[in-house]
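A.B. asks: The structure is given below, and queries will be raised subsequently.
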Amino acid sequence: MKKILIIAIIFVSAIGVQAQQEAMFTHYMFNTLAINPGYAGSRDALTVTGLHRSQWVNFDGAPITQTITMHSPVFTKNLGMGLSFVNDKIGPINMTSFYFDISYKIKVTKKSTLAFGLKGGTNMMKGELNTLELSDPNDVAFDSNIQSEFLPNFGAGIYYSSDKYYVGISVPKLLENNFGTNEATGSTDLAGEEKHYFLIAGTYFNLTQDIKLKPTTFLKVTNGAPMEMDLTGTFIFHDKIWAGLMIRTGDAMGGLLGVNITDQLAIGYSFDWSMANRTFSYNGGSHEVILRYDFVFGKEKKIRSPRYF
């Protein structure tokens with residue numbers, strides 16, 4: 001009964017109130033295109049990034065997220081294009097989105113650029129309500145599944161970067177679509193998108209010749225939900241191995257580990273533990289794995305290395 005009640009609370013929170021709806025990433029600093037379209041083409045290579053997150057392990061109906069992004073400069077170094085795919089599942093609710101990203105960079109100084117980005121694509125929600133175990137099996141609200149149509153949306157972002165730091169502001173979804181109708185009840189207010197406002201920033205410091213400190217942050221704001229901030233401090237050793245600590249306000253803390261296997265290939269892992277909600281008693285923490293590869297074409301056979309952003 002406890003599990004049923006907790007899943008019901010999560011489900012109602014996901015579809016019945018205004019809250020943080022966008023997928024959560026501990027590796028936000030490696031998955032930037034999923035947050036800000038202005039990042040497209042910024043690595044001067046065709047960059048492909050895959051991420052898998054299993055949140056609240058061992059908890060029935062816990063969130064599971066996968067993202068795949070790819071982006072590259074096209075035609076000139078000032079124009080970038082990319083694709084981003086996100087699949088986010090929590091309990092019986094599955095959210096899928098596919099977006100095309102484009103950015104244009106202008107030189108601000110010799111070592112810094114300002115990029116303006118746009119993204120456009122579609123979202124879809126699927127709710128398998130009839131898979132839930134109910135305390136009242138005759139509740140007609142759960143007799144039928146929810147299937148939304150493909151709902152177009154678009155967003156925008158600004159991304160400023162130099163060789164020492166970066167900062168970006170974005171609104172990935174500007175339209176507040178309604179996701180559909182429950183066939184059993186006829187309700188059209190089951191779920192709607194809320195605009196999310198994101199701010200990302202980061203820099204790095206040389207502590208010694210071989211050790212660097214890279215602090216980063218990710219601020220999330222949306223209507224009707226508490227402001228949430230990720231603060232991360234990552235130590236980079238010999239430009240090959242990184243290890244860091246993360247704290248998410250009002251939610252979790254954890255750690256990150258990773259390695260640059262080559263100048264083009266990087267792999268990372270993170271573990272975070274929910275501290276501020278009651279689910280921590282029922283789960284084994286959250287695990288995240290990320291893999292990134294930079295394909296380099298043309299006359300330049302090597303990517304500019306090291307790259308910290």
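Rule-based calculations on the coordinates, nothing more; no lab input. Note that this is a predicted model, so its numbers are computed, not measured. Every residue, glycine as well, gets a Cβ built from its backbone with ideal geometry; the counts of neighbours run over all protein chains shown.
A.B. asks: Within 10 Å of each residue's Cβ, count the other Cβ atoms and sort Trp242, Trp273 from fewest upward.
C.D. replies: Working: Trp242 19, Trp273 15.
Ordered from fewest to most neighbouring Cβ atoms within 10 Å, Trp242, Trp273 come out as Trp273, Trp242.
A.B. asks: Using θ = phi - 60° and the Karplus form 6.51 cos²θ - 1.76 cosθ + 1.60, what ³J(HN,Hα) does each residue of segment 57-73 get, whole Hz, x for Gly and Pro?
C.D. replies: In residue order, the calculated couplings are 4, 6, 9, 4, x, 5, x, 10, 10, 10, 9, 9, 10, 8, 7, 6, x Hz.
A.B. asks: Within a Cβ distance under 13 Å of Tyr159, other residues only, what is the Lys/Arg minus Asp/Glu net charge? Before the final figure, lay out each step's value.
C.D. replies: Values: positive: Arg43, Lys105, Lys119; negative: Asp101.
Residues close to Tyr159 contribute a combined charge of +2.
A.B. asks: By how many nm would the segment from Phe75 to Met227 lengthen if fully extended, with 0.36 nm per residue of separation less the alpha-carbon distance? Don't skip to the end; give the middle numbers.
C.D. replies: Numbers: separation 152, 0.36 × 152 = 54.72 nm, distance 3.92 nm.
Extending this stretch completely gives an extra 50.8 nm.
A.B. asks: Pop the C-beta distance of Asp44 and Phe85 into the FRET formula with R0 = 22 Å and round what comes out to the nearest 0.05. Can you show the working numbers first?
C.D. replies: Values: r = 23 Å, r/R0 = 1.03.
Calculated value: 0.45.
A.B. asks: Once fully extended, how much extra length lies between Gln66 and Phe154, figured as 0.36 nm per residue of separation less the alpha-carbon to alpha-carbon distance? Can you show the working numbers first?
C.D. replies: On the way: separation 88, 0.36 × 88 = 31.68 nm, distance 2.04 nm.
Computed gain between Gln66 and Phe154 is 29.6 nm.
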